[in-house]
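What follows is one structure encoded as structure tokens, with my remarks underneath.
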């Protein structure tokens, strides 16, 4: 994701129970310095079916909810990537961040598309 630093926060690095943190913000490279200028998203894997599915629960102070990342084969060397999130966040925070979120996700998905198209 655009302007995001991600790191492992659990001793296990694969499967149910794995936890990660993702900090998104303009100073993501030097987190935790200037942490107030971004959003820390903590997640734990709740379902793990490699290579086709990974479900997470968002466990942060501000961002809570669930997410699913799923691959569906469409041919011998192709698949469709599905990403869904159900987020529980205060309406005012959502409205404040929505324009940045929309732009960030669009740029990130365009970069992802170019990466996997080759």
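Observations
- Test: residue 101 is part of a helix (DSSP H, G or I), under 20 Å from residue 20 (Cβ atoms) and at pLDDT below 95: yes
- Single match in 80, 24 (criterion: modelled with pLDDT under 95, on the phi < 0 side of the Ramachandran plot and touching a helix residue (DSSP H, G or I) at 6+ places or on another chain (Cβ under 8 Å)): 24
The values are calculated or read from the model by the stated rules, or taken from the named source; none is laboratory data. Because the structure is a prediction, the values reported are computed rather than measured. All Cβ positions, even for glycine, are placed from backbone atoms using ideal geometry, and neighbour counts span all protein chains on display.
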